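Here is the structure we will look at, set down as structure tokens.
Laboratory data are not the source of any read-out in this text; all were calculated from the coordinates shown. Quick caveat: nothing in here was measured; it's all calculated off a predicted structure. Cβ placement follows ideal geometry from the backbone for every residue including glycine, while neighbour counts extend to all protein chains displayed.
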Amino acid sequence: MSEYKTTAGTGDRIHPTTSTITFADHWGHFLARWGYRRGEHRVEPGLYGLGNPSPDSPVFVTANYTLSFDGLRSALAGFDGYILVLDTEGINVWCAAGKGTFGTDELVHRIELTGLKEIVSHRTLILPQLGAAGVSAHEVEKRSGFCIEYGPIRVADLPKYLETHEATPEMRRVTFTLRDRLVLIPVELTHVFPALVISGVGLFLLGGLLVSLAVVSAILAGVVLFPILLPWLPTPNFSTKGFILGGAVAIPFVLTAFLGHPQGAWWVKAGWVLMGILVLSSVTAFLALNFTGSTPFTSRSGVRREIFAYIPLMAVMFGTGLCMAVVFSLLRVWGGR
Amino acid sequence: MLNAYRSNTLQYDPEGCINCGICSVVCPHGVFATGDGVAQLVSPQACMECGACQLNCPAEAIQVESGVGCATAMIRAALTGKKEPVCGTDSSSCCS
């Protein structure tokens with residue numbers, strides 16, 4: 001990937017850039033969404049000139065993640081300005097702000113390194129609002145002389161914002177739309193891919209097609225259906241939402257198992273149903289709880305409470321289901337049930 | 001537990017507020033609103049503990065135990081015995 005665009009050797013402090021997103025950029029974004037070479041979707045930190053900026057042109061600050069930088073420059077089509085790219089190690093603005101790399105120190109350092117004071121006549125920087133979790137505006141002003149103006153959360157709102165430099169309340173609220181959730185699914189899939197293949201093939205060999213399909217469905221429910229259905233699943237906690245979704249996904253499989261063996265003893269059939277629900281819903285619930293980090297609204301203290309309350313329950317449910325599976329399989333082999 | 005997210009670590013001291021309005025600018029969940037004399041804490045339960053308000057409050061009137069609400073990172077930290085979880089550049093990172 002040629003994503004680390006370098007203009008070293010040109011002798012310029014200001015790297016020229018445009019608002020055009022090329023096919024290669026789109027392809028890079030696609031790979032980033034699939035988690036391919038996750039940390040390598042970077043642009044070189046430094047100062048970029050968009051269009052034909054003058055000393056009076058505004059300065060926008062962003063992260064050195066291609067999706068962040070490209071989103072900003074494409075939203076500014078038709079504008080002249082400067083883009084100050086901080087070194088966030090290829091991480092987007094909000095996550096980098098959370099870990100402090102999109103932060104006060106790096107911003108002050110980057111202002112000095114690029115000689116921004118000699119390039120622009122004003123002393124204002126426009127930062128994305130979500131960068132505020134890592135940047136202390138009054139601290140930056142004290143240390144660098146630059147005032148921070150927090151722009152809107154979404155780059156799409158920037159042209160409107162620049163008319164008045166006032167953000168509407170909607171521009172200041174983070175959202176998590178269906179589209180926002182859909183773009184996260186590829187990377188969620190890559191996280192569970194090894195588990196998906198191992199359990200799918202392994203369980204097919206051990207327990208047959210129905211068992212394999214059931215577990216694969218429970219995993220896919222956790223990483224595909226869950227992000228899609230998140231706002232519509234009842235209960236506030238992610239774990240309980242996951243139990244409900246996993247239980248619902250289990251129904252067709254346990255019914256097939258129940259109705260498919262009319263000659264079996266009732267307690268054996270009931271046992272398989274219970275086992276299926278225990279295992280499948282705990283698998284989906286665990287994956288659902290893990291989606292908290294991808295959302296823009298779960299607090300750390302809330303997630304911690306969820307972990308303490310539900311991880312033990314998931315473990316007990318999964319363990320009980322697994323033990324039942326072993327016992328019932330042995331009964332089937334020895335007793336012909 | 002009915003709702004793990006009902007309470008959080010956000011604490012606001014209106015006595016210390018200088019009414020600069022920055023908290024209502026930086027908060028992505030509308031927790032604060034501008035008031036006549038001091039900032040108003042209008043929906044504390046919506047706080048996700050990102051820490052932006054505390055970091056940007058020049059009067060230090062806001063306290064919050066900020067951190068990332070990511071179960072993957074917290075579980076991994078608990079299993080490996082490492083300290084507070086943050087998103088990294090490794091392939092299993094929770095952030096996109």
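Of all DSSP-defined beta bridges confined to the protein assembly as shown, some 40% are antiparallel rather than parallel.
Hey, with R₀ at 41 Å, roughly what FRET efficiency would A:Lys160 and B:Gln11 work out to, going by the Cβ-Cβ distance, to 0.05? It comes to 0.75. When +1 charges are put on Lys and Arg Cβ atoms and -1 charges on Asp and Glu Cβ atoms, the dipole computed for region A:100-181 relative to its Cα centre reaches about 200 debye. Estimated from helices alone, the mean residue ellipticity of the protein assembly as shown at 222 nm is -14500 deg cm²/dmol (sum of -39500 (n - 2.57) over DSSP H runs with n ≥ 4, per residue). Taking label points 7 Å from Cα along the Cα-to-Cβ direction, A:Ala248 and B:Ile18 give a separation of 5.1 nm. Rounded to 0.05, the FRET efficiency of the A:Trp34 and B:Thr80 pair, given R0 = 25 Å and the Cβ-Cβ distance, is 0.45.
Quick check: from the Cα gyration tensor, does region A:112-162 come out rounded (a/c under 1.5), prolate or oblate? It comes out oblate by the Cα gyration axes. Put a dot 7 Å past the Cα of A:Thr22, heading toward its Cβ, do the same for A:Asp80, and the two dots end up 2.5 nm apart. Multiplying the residue separation of A:Leu209 and A:Val268 by 0.36 nm and removing their Cα-Cα distance gives an extension gain of 19.3 nm. Shown here is the pair-distance distribution of region A:4-101: with all Cα-Cα distances grouped in 10 Å bins from zero up to the longest one, the shares run 16, 48, 31, 4 percent.
Other protein chain C-beta atoms within 10 Å of residue C-beta, averaged over A:279-292: 2. Against the longest alpha carbon principal axis of chain A, how many degrees, from 0 to 90 and to the nearest 10, is the axis of helix A:209-220 turned? Taking Cα atoms only, the helix is inclined about 30 degrees. Here the scattering of region B:1-56 is modelled by Debye summation over its C-alpha atoms, one equal scatterer each and no solvent; at q = 0.17, 0.21, 0.27 Å⁻¹ the log10 of I(q)/I(0) is -0.51, -0.75, -1.16. The angle between the Cα long axis of helix A:266-290 and the main principal axis of chain A comes to about 10°, on a 0 to 90 degree scale. Above 29 Å lies some portion of the pair distances; for region A:179-335, what is it as a whole percent of all C-alpha pairs? For region A:179-335, the share of Cα pairs beyond 29 Å comes to 20 percent. Among A:Ile228, A:His261, A:Val283, whose Cα lies farthest out toward the positive end of the dipole of chain A, if unit charges sit on the beta carbon of Lys, Arg (+1) and Asp, Glu (-1)? It is A:His261.
No disulfide-compatible partner, judged by a Cβ distance under 4.7 Å, exists for the following cysteines of chain A: A:Cys147, A:Cys323. Region A:126-250: percent of C-alpha pairs farther apart than 22 Å? The proportion of pairs with Cα distances above 22 Å equals 58 percent.
Scalar couplings 3J(HN,Hα) for region A:184-201, obtained by applying the Karplus form with A = 6.51, B = -1.76, C = 1.60 to θ = phi - 60°, are 7, 4, x, 6, 5, 4, 5, 5, 9, 3, x, 4, 5, 5, 5, 5, x, 6 Hz; x denotes Gly and Pro.
Model label sites at A:Ile228 and A:Ala309, defined 7 Å from Cα along the beta-carbon direction, differ in position by 2.8 nm. According to the Cα-based calculation, Rg over Rh for the protein assembly as shown is 1.06, with Rh computed by the Kirkwood formula. Computing Rg and the Kirkwood Rh from the Cα coordinates of region A:174-226 gives a ratio, Rg/Rh, of 1.12.
Each of A:Gly242, A:Pro186, A:Thr298 was placed along the dipole of region A:179-335 (beta-carbon charges, centred on the mean Cα), and the one lying farthest toward the positive end is A:Thr298. Once the C-beta distance of A:Leu322 and A:Asp105 is scaled by a Förster radius of 41 Å, the resulting FRET efficiency is 0.25 to the nearest 0.05. Each part reduced to its alpha carbon centroid, region A:106-165 and region A:221-269 end up 49 Å apart.
Seen against the Cα atoms of chain A and their longest principal axis, helix A:23-33 is set at about 50 degrees.
Quote the relative contact order of chain A in percent (integer), defining contacts as alpha-carbon pairs under 8 Å separated by 6+ residues. Reported relative contact order: 11 percent.
Rounded to the nearest 20 debye, the dipole magnitude of chain A is 1440 debye, with +1 charges on Lys and Arg beta carbons, -1 on Asp and Glu beta carbons, and the Cα centre as origin.
Using C-alpha pairs under 8 Å with a sequence gap of at least 6, the mean separation divided by the residue count of region B:11-63 gives a relative contact order of 42 percent.
By the gyration tensor of its Cα atoms, with a ≥ b ≥ c the square roots of the eigenvalues, what is the shape of region A:14-174: rounded for a/c under 1.5, prolate for a/b over b/c, or oblate? Judged from the Cα gyration tensor, region A:14-174 comes out rounded (a/c under 1.5).
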